[in-house]
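Novice: I have a structure here, written as structure tokens, and I will follow up with some questions on it.
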Amino acid sequence: MDQKHDHANQILSLLENNESINSLQISQTTGVNHQELVGYLLQLEAANYIITEGLKKDQLVLTEEGNTILNSQSGEYEIYQKLPEGGISMADLQKQFGIEQAPKQKQEQGEKKEKQAEDPKKKLFDLGFGNAKKMGYIKMDKGIISKVANDLPDKIKQELQQFNEIKLGSPQAKLLIERKLASISTIKYFEVKKGVKYSPKFREQFAALTTEQLLNGEWKDCDYKSINLNAEGEKISMGNLHPLLKVRKQFSQILIGLGFEEMATNQFVESSFWNFDALFQPQKHPARDAHDTFFCSDPELSEEVDTQLRDKVKSMHQTGGVGSIGYQYEWSHEEARKNILRTHTTAVSSKMLYRIAQQYKEKGYFPKKYFSIDKVFRNETLDATHLAEFHQIEGVVIDKNASLGQLMGIIREFFRQIGINKLWFKPTYNPYTEPSMEIYGYHPILKKKVEIGNSGVFRPEMLAPLGIPEDVNVIAWGLGLERPTMIYYDIRDIRTMVGPEVKVETVRSNAFCVFESK
């Protein structure tokens, strides 16, 4: 029989003739350390041999200093013993304890006094000397210290020798606690009673039925552990959608429900032509500076676009058309070919409008609604609200009857479906839309008005070179994906949502994104 079974049987045998017994008594009787004993009790309880109830009690225990005095003598009694018959001066008594008297030093007036660290020997001596007077061991007369009487006992040591008989709350206990010779400790233990499967002898319980037990018939005489059919299985490690992807999915479903078709946006590197020039954005615009845009070095230049399209865009920039005088500058073909990381998904919209215009030549006019959600890149300084890469949501409507009023209606319906009903539109300037509007909304979580997007009607100077007929209007609007995600999931620093500071456990535990329309 192994040690585990031996201790289990000892515990069970102690219960045989007792209604109950506590674990402290079991530990004292069996000689098993109480902490180790708890492990055996838990195993027996799991097998239903016993039931336990957790209890606790306060008890008095000796401190390190108390144990030192018990094995030697108290500080006050040591002083008492060193006093000669005729008495002794303080200086001579201190010398016996190895405490040297420091010479008095005169300090100049105004000199700052420095506190010197107190000598540990001096500190212990002063404590013992005070207690010796308090306990009635010594007396002082004209600077001479002497014994009150001979052959006095060490009272504190005598108290400690009777320590096991001292009751908590008694005057003796209070004295020892005050002198820091004892302290109160809370002891946790168990009351042990017989369980439903109690037996004086322990039988091992098997976790599972084996083939060998079935074949040789041992299973008939074996005990088996109970199976908890309600226990949860091991958690399966699986992929989880990032909060951004959850919000993106929700926004996609809303836009598809409004009749929009998603554009393919899987091209991060774009030519300056499609990102800027085709949008009627001048080549000297500040947004095209290296401080705002990432330029590619290899390959530095893009492939050539259709020469007719290129010449139409060049002419619109230099001399204008459709009632515009253009920007009146020398347009650079090489500048337009520079490769960049796209700064907005409107670069995708400009390509899509050119393709639609080509289809109009073959099939004639037809209205269309598109949207895109994808990454864009800006040369931003990273902080709690800005990243060098982020997601842009863009919606585009191509229709002969498309108007500013229709644009405002689509915007209102989209934001209504994500729970924002109070909207304000403010006139603004964009190089490629006119009129242009900033979109502000009252957000119920932040409880304030915030800028949530930009919008406008694409300018004729942008549409005409792409081949869009003059009687067809294009309205568009866009917003970022990160801001509503941060608001919805209460993320205060964007760097903890994207990048190396993202916590995988947070991604796993985030709820599904379900915006409530009101």
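Novice: THR68: assigned by TED's automatic domain parsing to the domain that holds ASN164, surrounded by fewer than 19 Cβ atoms within 10 Å (Cβ to Cβ), touching a residue at least 12 places away in the same chain (Cβ under 8 Å) and assigned to a helix (DSSP H, G or I), yes or no?
Specialist: Criteria not met by THR68.
Quick grid of which residues meet (1) in contact with a strand residue (DSSP E or B) (Cβ under 6 Å, 6 or more places away or on another chain); (2) within 30 Å of VAL502 (Cβ to Cβ); (3) in a loop (DSSP other than H, G, I, E, B):
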residue: LEU152; (1), (2), (3): no, no, yes
residue: ILE187; (1), (2), (3): yes, no, no
residue: GLN213; (1), (2), (3): no, no, no
residue: ALA231; (1), (2), (3): no, no, yes
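Novice: Tell me, which helices (runs of 4 or more DSSP H) lie completely within region 301-405 with 3 or more residues that are modelled with pLDDT under 90, aromatic (Phe, Trp, Tyr) and more than 14 Å from ALA264 (Cα to Cα)?
Specialist: Filter on region 301-405 gives an empty set.
Novice: Give the number of residues within region 317-334 that are in contact (Cβ under 8 Å) with a residue 40 or more places away in the chain and open to solvent by 40 Å² or more (accessible area, probe 1.4 Å).
Specialist: So the count comes out to 5.
Novice: Separate question: So which residues in region 246-277 are of a type in the set (D, E, K, R), more than 30 Å from ALA336 (Cβ to Cβ) and open to solvent by 70 Å² or more (accessible area, probe 1.4 Å)?
Specialist: Going through region 246-277, the residues of a type in the set (D, E, K, R) turn out to be 246, 248-249, 261-262, 270, 277.
In the following step, the residues that additionally are more than 30 Å from ALA336 (Cβ to Cβ) were identified as 246, 248-249.
Correct list: LYS249 only.
Novice: A further question follows. Take region 38-65 and flag every residue that is open to solvent by less than 40 Å² (accessible area, probe 1.4 Å), within 14 Å of ILE11 (Cβ to Cβ) and part of a strand (DSSP E or B).
Specialist: Listed by number, the residues that qualify are ILE50, THR52.
Novice: Can you name every residue in region 181-209 that is closer than 30 Å to GLY75 by Cβ, within 43 Å of the chain's Cα centre (by Cα) and open to solvent by less than 60 Å² (accessible area, probe 1.4 Å)?
Specialist: Of everything in region 181-209, those that are closer than 30 Å to GLY75 by Cβ, within 43 Å of the chain's Cα centre (by Cα) and open to solvent by less than 60 Å² (accessible area, probe 1.4 Å) turn out to be ALA182, SER183, SER185, ILE187.
Novice: Would you mind stating whether GLN281 is open to solvent by less than 50 Å² (accessible area, probe 1.4 Å), assigned to a loop (DSSP other than H, G, I, E, B) and within 30 Å of PHE414 (Cβ to Cβ)?
Specialist: Against the criterion (open to solvent by less than 50 Å² (accessible area, probe 1.4 Å), assigned to a loop (DSSP other than H, G, I, E, B) and within 30 Å of PHE414 (Cβ to Cβ)), GLN281 qualifies.
Novice: Listed residues GLU218, GLU178; which is open to solvent by 100 Å² or more (accessible area, probe 1.4 Å) and either hydrophobic (A, V, I, L, M, F, W, C) or at pLDDT 85 or above (or both)? Working first, answer last.
Specialist: Values: GLU218 fails: open to solvent by 100 Å² or more (accessible area, probe 1.4 Å).
Just one listed residue meets the conditions, GLU178.
Novice: Where in region 415-518 are there helices (runs of 4 or more DSSP H), lying fully within it, with 2 or more residues that are within 26 Å of HIS344 (Cβ to Cβ) and at pLDDT below 80?
Specialist: Once the helices (runs of 4 or more DSSP H) in region 415-518 are filtered for at least 2 residues that are within 26 Å of HIS344 (Cβ to Cβ) and at pLDDT below 80, what remains is 482-488.
Novice: Taking SER297, is it under 42 Å from the mean Cα position of the chain (by Cα) and open to solvent by 100 Å² or more (accessible area, probe 1.4 Å)? Lay out the reasoning, then the answer.
Specialist: On the way: under 42 Å from the mean Cα position of the chain (by Cα): yes; open to solvent by 100 Å² or more (accessible area, probe 1.4 Å): yes.
Here the answer is yes, as SER297 does meet what is asked.
Novice: Would you mind finding the one in GLN10, GLN35 that is of a type outside the set (A, V, I, L, M, F, W, C), more than 18 Å from PHE202 (Cα to Cα) and assigned to a helix (DSSP H, G or I)? Give the derivation first.
Specialist: Details: GLN10 fails: more than 18 Å from PHE202 (Cα to Cα).
Being of a type outside the set (A, V, I, L, M, F, W, C), more than 18 Å from PHE202 (Cα to Cα) and assigned to a helix (DSSP H, G or I) holds for just one of GLN10, GLN35, which is GLN35.
Novice: I would also like to ask the following. Consider region 120-150. How many of its residues are open to solvent by less than 90 Å² (accessible area, probe 1.4 Å), within 17 Å of SER89 (Cα to Cα) and outside any helix (DSSP H, G or I)?
Specialist: Counting residues in region 120-150 that are open to solvent by less than 90 Å² (accessible area, probe 1.4 Å), within 17 Å of SER89 (Cα to Cα) and outside any helix (DSSP H, G or I) gives 8.
Novice: Which of the following residues is under 33 Å from the mean Cα position of the chain (by Cα) and charged (D, E, K, R): GLU234, GLU218, GLU212, GLU261? Please lay out each step first, then the result.
Specialist: Details: GLU218 fails: under 33 Å from the mean Cα position of the chain (by Cα); GLU212 fails: under 33 Å from the mean Cα position of the chain (by Cα); GLU261 fails: under 33 Å from the mean Cα position of the chain (by Cα).
One residue alone meets the criteria, GLU234.
Novice: Based on what the data block shows, is SER23 in the same structural domain as ALA207 (by TED's automatic domain parsing), buried (at least 17 other Cβ atoms within 10 Å of the Cβ) and either among the polar types (S, T, N, Q) or modelled with pLDDT of 90 or more (or both)?
Specialist: Yes: the conditions hold for SER23.
Novice: What is the residue count in region 374-418 for residues that are acidic (Asp, Glu), closer than 18 Å to LEU353 by Cα and surrounded by fewer than 18 Cβ atoms within 10 Å (Cβ to Cβ)?
Specialist: Summing the residues that are acidic (Asp, Glu), closer than 18 Å to LEU353 by Cα and surrounded by fewer than 18 Cβ atoms within 10 Å (Cβ to Cβ) in region 374-418 gives 1.
Novice: Separate question: Within region 317-334, is even one residue in contact with a strand residue (DSSP E or B) (Cβ under 8 Å, 6 or more places away or on another chain) and of a type outside the set (Asp, Glu)?
Specialist: So the first thing to find is which residues in region 317-334 are in contact with a strand residue (DSSP E or B) (Cβ under 8 Å, 6 or more places away or on another chain), and the list is 334.
Checking which are of a type outside the set (Asp, Glu) leaves us with none.
No, the conditions are met nowhere in region 317-334.
Novice: Looking at ILE356, ILE340, ILE398, ILE410, which is the one that is closer than 17 Å to GLY453 by Cβ and among the hydrophobic types (A, V, I, L, M, F, W, C)?
Specialist: Criteria check complete, one pass: ILE410.
Novice: Test LYS57 against the criterion of being charged (D, E, K, R) and in contact with a strand residue (DSSP E or B) (Cβ under 7 Å, 6 or more places away or on another chain), and give yes or no.
Specialist: It is true that LYS57 is charged (D, E, K, R) and in contact with a strand residue (DSSP E or B) (Cβ under 7 Å, 6 or more places away or on another chain).
The values are calculated or read from the model by the stated rules, or taken from the named source; none is laboratory data. All values derive from a computational prediction rather than experimental measurement. Virtual Cβ from ideal backbone geometry, glycine too; neighbours counted across all protein chains shown. Ligands, DNA and RNA are stripped out before the accessible areas are found, and what is left, the full protein with its side chains, is counted by its heavy atoms. Shrake-Rupley method; radii C 1.70, N 1.55, O 1.52, S 1.80 Å.
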